[in-house]
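Worksheet: the structure to be examined is printed underneath.
The values are calculated or read from the model by the stated rules, or taken from the named source; none is laboratory data. What you see is a predicted model, and the numbers here were worked out from it, not measured in a lab. Glycine gets a Cβ as well: all are built from the backbone with ideal geometry, and neighbour counts include every protein chain shown. To get the accessible areas, we keep the full protein, side chains included, count just its heavy atoms, and leave off ligands, DNA and RNA. Shrake-Rupley method; radii C 1.70, N 1.55, O 1.52, S 1.80 Å.
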Amino acid sequence: MIAVAPRDLALLIGITLIWGINLITNKIGVEEFPPILFTALRFIFLAIPLTGFLRIHRGQMGALSVAALLTGALQFALLLAGLAQVASVSSVAIAGQLGVPFTTLLSIALLGEEVRWRRWTGVLLSFGGIVVMGFDPNIGRDWFGLGLVVASAFVGSLGVIAVKKLYGFRAFEIQAWFGWISGPVLLAVSLASEHPTWDTLRQASTHAWSALAFTAFGASMFAHTGYFHLVRRYPVTSVAPVTTLSPVFSVLISVLWLGEKLTPRLVLGGICTLIGVLIITLRERRIIDTGS
């Protein structure tokens with residue numbers, strides 16, 4: 001394992017903090033905007049200032065489109081739709097971490113990767129934690145919305161496989177393409193299903209517009225680009241474990257800012273899921289570092 005320099009470690013922790021805050025701001029946004037419209041505007045706002053970075057990569061545009069629709073449009077539409085229906089932001093933050101065990105399972109099914117008992121333990125703990133949270137009456141009634149969040153994590157894992165096929169793209173270029181591919185598609189879906197009007201935009205509060213600006217420029221343009229920079233500088237296995245702080249930040253902020261109450265089942269389920277995610281992440285780091 002390559003040690004991350006203190007300055008870069010501080011940047012990485014700052015990035016995870018932004019991601020943690022972003023879930024809270026998304027919740028504020030979807031309380032006033034229809035969720036698919038909010039997601040579409042996020043991508044369009046992100047794409048416009050990055051238009052100059054667009055380049056055609058022959059032979060890769062098909063894979064790019066698939067990656068953008070999975071990791072961009074579909075993943076975030078499902079996440080925001082689920083978030084709009086779930087009262088507990090903390091449960092969404094934890095359920096969103098299922099992307100890690102989903103990626104492990106997909107690596108078995110699609111790539112033929114062999115997984116030993118430690119990572120299987122992590123997978124079982126991750127999903128077991130979600131089941132434990134489901135027995136909490138305050139969360140159990142929001143199972144449909146939480147199911148959308150889990151579906152978002154699964155779609156995002158499929159998108160990761162598509163992203164791995166891309167090469168030669170700069171960070172801002174990927175962001176620009178994802179925005180211009182996902183934004184118009186989501187806007188069309190919103191117009192057809194949510195039927196927003198100009199009044200939807202005019203009546204949105206400053207808080208809702210600020211939430212939209214934060215998710216587009218803070219979480220996407222700054223945090224995701226910063227993470228991509230760190231991944232290019234260090235092995236993914238050196239930086240990925242730190243990202244498990246993101247749901248911890250979301251839970252803490254939702255308690256302090258939104259006044260959410262942590263029930264015993266939510267705490268127990270969250271601990272199980274995050275321990276499972278950490279086991280998988282650390283085990284994958286060791287496999288890559290040692291080659292076994």
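One table, with the values for the structure above:
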| read-out | value |
| --- | --- |
| All lysines inside 18 Å of residue 27 as judged from Cα atoms, apart from same-chain residues fewer than 8 positions distant | 261 |
| Pairwise FRET efficiency - residue 124 versus residue 213, Cβ, R0 = 45 Å, nearest 0.05 | 0.65 |
| Relative contact order for the chain, counting Cα pairs under 8 Å that sit 6 or more residues apart, in percent | 42 |
| Residue-count net charge about residue 221 - beta-carbon cut-off 14 Å; Lys, Arg +1, Asp, Glu -1 | +1 |
| Principal axis box of the chain, alpha-carbon based, largest edge first, Å | 56, 52, 38 |
| Net charge of neighbours whose Cβ lies under 10 Å from the Cβ of residue 211, counting Lys and Arg as +1 and Asp and Glu as -1 | 0 |
| Sum of -39500 (n - 2.57) over DSSP H runs of 4+, divided by residues of the chain (222 nm, nearest 500) | -22500 deg cm²/dmol |
| Relative contact order for the range 1-151, counting Cα pairs under 8 Å that sit 6 or more residues apart, in percent | 30 |
| Extension reserve of the residue 170-residue 205 stretch, reckoned as 0.36 nm per residue once the Cα distance is removed | 9.1 nm |
| Heavy-atom accessible area per residue - the range 1-160, 1.4 Å, Å² | 42 |
| Loop-located GluC sites (Glu not before Pro) in the range 18-122, at most 11 other Cβ atoms within 10 Å (DSSP) | 114 |
| By average C-beta atoms within 10 angstrom, highest first, the peptides 82-92, 255-265 | 82-92, 255-265 |
| Residue-count net charge about residue 82 - beta-carbon cut-off 13 Å; Lys, Arg +1, Asp, Glu -1 | 0 |
| Ranking by accessible area, most exposed first, for 209, 120, 198 with a 1.4 Å probe | 198, 120, 209 |
